[in-house]
Number of protein chains: 2
Amino acid sequence: MIIDCHGHYTTEPPQLKAYRERQKQEVEKDPLHQAETVDLKITDDELRESVEGAQLKFQRERGTDRTIFSPRASGMGHHIGNASTSLTWTIQSNNLIYRLTQLYPNNFIGVCQLPQSRGTDLQASISELERCVEQLGFVGCNLNPDTSGGSFDLPPLGDRYWYPFYEKMCELRVPAMIHVSAACNPAFHSTGSYYLSADTTAFMQMLTSDLFSDFPDLKFIIPHGGGAVPFHWGRFRGLADMLKRPPLDELLLDNVFFDTCVYHQKGIDLLVDVMPIKNILFASEMVGAVRGIDPETGHYFDDTKRYILGNRKLSEADRMQIFEGNARRVYPRLAEALGN
Amino acid sequence: MIIDCHGHYTTEPPQLKAYRERQKQEVEKDPLHQAETVDLKITDDELRESVEGAQLKFQRERGTDRTIFSPRASGMGHHIGNASTSLTWTIQSNNLIYRLTQLYPNNFIGVCQLPQSRGTDLQASISELERCVEQLGFVGCNLNPDTSGGSFDLPPLGDRYWYPFYEKMCELRVPAMIHVSAACNPAFHSTGSYYLSADTTAFMQMLTSDLFSDFPDLKFIIPHGGGAVPFHWGRFRGLADMLKRPPLDELLLDNVFFDTCVYHQKGIDLLVDVMPIKNILFASEMVGAVRGIDPETGHYFDDTKRYILGNRKLSEADRMQIFEGNARRVYPRLAEALGN
């Protein structure tokens, strides 16, 4: 079985986008506007249509089995509006994911967006995580380490600010993918520099904290191959040494995992060569940041399965770990849902 | 000849640090304080002592010939104080580099810090660049794309804000290394995440701009191996394609160069495998971010010459380009100073 641990619903029906636009207008007029969850009147057929020619088509063509599926990352927009805006938008977005998992139980497994919002604590996120895991059968969440959209003004991930949320994650036995949303800072291009910067930054926040002593069962997936981390693994090992931290494998490699959203063979070759195989989870992020065909190969840039198969050093057992085994370990509720 | 294009004066005499501390106190008391350039009374012997056991020792031990040398990057602190603070601090710092290049003309070649300051234009930087190049014989500068120390609130590098400075760079025939200073944002660790994020972000700003159509002779070095860029080269090629930009080699590989401050063999192997050899400049950033010995190899993490020599694909001609030839092309004034 091939599990793609990083897919977003980037082909949403227009009703969802229209709802979000109305939200933005309302909250622009009145910053205190209390947003509501309304019935978007999206039919099952409309949902089917939105994924049949996209995510499902690529699953079939590329031969992947399950996608761990969450709302569009760039759409989370935690910097927009107030707490009620974020909460209602999040509920709508997660509910659509739930409906897709019900329509396609053999294709999609849910991971939730969180109703984070600038200047608030994580209580609403805790409640929504509980709802999504316990009622909707979701197996994880996307946690945004920079709800400002590019000013990086939240406390680092080792700060006590985050601890109530981590407690809930551990209690529910779900991991978080660290994922920022779209940048609203003109210095950043969302998918070109902001995501990769946030990935790298999150890793360094973990390296400099005692997070995993306090939460030995906490698990994070850093997407996009870990940003700059594998390429600079020597730098990070050397910094851990200079900062008198334990070696990285002791400090965080039971807790931190990297996905394979790296869109060329040589990048994947480095990732699997540098990182322990147990820390690598297959992912493509299709239909996502990079949708074209690589003229150098004639294949989609984000068809990352090809790079895993194209690597010459991985054994069959290694590939099985990357494609399936590691995801089952990192997402225990996924393993339970799939059975043996 | 082996030219190390990225060295900072990280072993400054205590008088320099004390001067800076006084500056900070003065400007804390009075934000409008007009700082002064004073005589720090640092003797030539003190300067010699500060580098003999550090940069010069490593040059000898590792067998490198010249270091392109600039003030400590994390010390630039463009977010501190006002324009006069930044200007006087920059002049002091650059003057010490000049004195070192006079004491050790066969070891150090100067590159200047700039008196950038939040909320100001680049006129003072233009003047200081002129002074350093024309009077002090410097061959380049370090340009800070985020003077906030981690809020990324400057216009992107393709913005007209920067154009007067680029004009002066072209007129003087000097390149800039893109280099932020220390982060004052607790989300970032300066050398662990901030530098790498800024490197990646700068590259994406260049990718999305028409900078090099407007300035075909402008040259930038992105340090630390280009941040996340080579590891994600497929992503950047794919994004250029999606954004309808020209292929990256046409768009920017005549203008953008990457140094070899990547502190493990596999990282360097990726860099030289992915990037054209003509775009790679040897550098170690010693004595810098990572000063320890790698227990896996028994050698200093930042002894990057070993990784270049350890790579199995580079030809002798490739290595000569990386060690010397490319630096002569990117820093034409260096080539003139060195002769043939």
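The values are calculated or read from the model by the stated rules, or taken from the named source; none is laboratory data. None of these values were measured; they are calculated from a predicted model. Every residue, glycine as well, gets a Cβ built from its backbone with ideal geometry; the counts of neighbours run over all protein chains shown. Only protein heavy atoms, including side chains, enter the accessible area calculation; ligands, DNA and RNA are left aside. Shrake-Rupley method; radii C 1.70, N 1.55, O 1.52, S 1.80 Å.
Sequentially through segment A:321-331, phi angles give Karplus couplings (6.51, -1.76, 1.60; θ = phi - 60°) of 4, 5, 6, 9, x, 5, 4, 4, 6, 6, 10 Hz, Gly and Pro residues having no value and appearing as x. Give the interface area between chains B and A as buried accessible surface, both sides summed, probe 1.4 Å, in Å² to the nearest 100. Looking at B and A, the buried total is near 4400 Å².
Using C-alpha pairs under 8 Å with a sequence gap of at least 6, the mean separation divided by the residue count of segment B:1-120 gives a relative contact order of 35 percent. At a threshold of 20 Å², the residues of segment B:150-196 that become less accessible to a 1.4 Å probe in the full protein assembly than in their chain on its own are B:Ser151, B:Phe152, B:Pro156, B:Asn185, B:Pro186, B:Ala187, B:Phe188, B:His189, B:Thr191, B:Gly192, B:Ser193, B:Leu196.
With a Förster radius of 41 Å applied to the C-beta separation of B:Glu61 and A:Ile293, the computed FRET efficiency comes to 0.25.
With Cα atoms defining each centre, segment B:250-288 and segment B:34-70 are spaced 25 Å apart in the structure.
This model, with +1 at the C-beta of Lys and Arg and -1 at the C-beta of Asp and Glu, gives the protein assembly as shown a dipole about its Cα centre of some 760 debye.
Residues of segment A:226-251 whose accessible area, computed with a 1.4 Å probe over protein heavy atoms, drops by at least 20 Å² once all protein chains are present relative to their chain alone are A:Gly227, A:Ala228, A:Phe231, A:His232, A:Gly234, A:Arg235, A:Arg237, A:Gly238, A:Leu239, A:Asp241, A:Met242.
Is segment A:165-241 rounded, prolate or oblate when judged by the Cα gyration tensor, a ≥ b ≥ c being the square roots of its eigenvalues, rounded requiring a/c under 1.5 and prolate requiring a/b larger than b/c? Because a/c hits 1.5 or more and a/b fails to exceed b/c, segment A:165-241 counts as oblate. Less than 5 angstrom separates the built amide H of A:Thr147 from those of A:Leu154, all sequence-distant by 5 or more or on a different chain. With each label modelled as a point 7 angstrom along the Cα→C-beta vector, the A:Met1-A:Leu40 pair spans 2.8 nm.
3J(HN,Hα) along segment A:26-34: 4, 7, 6, 5, 9, x, 9, 3, 8 Hz, from the Karplus curve 6.51 cos²θ - 1.76 cosθ + 1.60 with θ = phi - 60°, whole Hz, x for Gly and Pro. Close amide-amide hydrogen proximity is noted between B:Ala183 and B:Ser190, each under 5 Å apart and 5 or more residues distant or on a separate chain (H modeled in the peptide plane; Pro and chain starts excluded). The trypsin sites (Lys or Arg not before Pro) of segment A:3-81 meeting both criteria, a DSSP state outside H, G, I, E and B (loop) and at most 14 other C-beta atoms within 10 angstrom of the site's C-beta, are A:Lys41. How much of the accessible area of segment A:112-152, probe 1.4 Å, is carbon plus sulfur, in whole percent? Answer for segment A:112-152 is 39 percent, counting heavy atoms of protein chains only.
Take every pair of alpha-carbon atoms less than 8 Å apart whose residues are at least six positions apart; their mean separation over the length of chain B yields a relative contact order of 17 percent.
Mind listing which GluC sites (Glu not before Pro) in segment B:1-108 are in a DSSP loop and have 14 or fewer other Cβ atoms within 10 Å? Working shown, then result.
Numbers: sites: B:Glu21, B:Glu26, B:Glu28, B:Glu36, B:Glu46, B:Glu49, B:Glu52, B:Glu61; in loops: B:Glu36.
Of the GluC sites (Glu not before Pro), the ones in loops of segment B:1-108 whose Cβ has at most 14 other Cβ atoms within 10 Å are B:Glu36.
Across the cross-link table entries A:Lys266/A:Lys313; B:Lys219/B:Lys244; A:Lys313/B:Lys313, which are compared at the Cα atoms, the separations over 20 Å belong to B:Lys219/B:Lys244.
For B:Gly110, the residues 5 or more places off, or on other chains, whose built amide H falls under 5 Å of its own are B:Phe69, B:Val139.
When DSSP beta bridges are restricted to pairs lying wholly in the protein assembly as shown, around 5% turn out antiparallel. For segment A:283-299, backbone phi angles converted through the Karplus equation (6.51, -1.76, 1.60; θ = phi - 60°) give residue-by-residue couplings of 6, 10, 6, 7, 8, x, 5, 10, 10, x, 9, 6, x, 6, 10, x, 10 Hz, Gly and Pro being listed as x. Residues in chain B average 36 Å² of solvent-accessible surface per residue, probe 1.4 Å, ligands and nucleic acids excluded.
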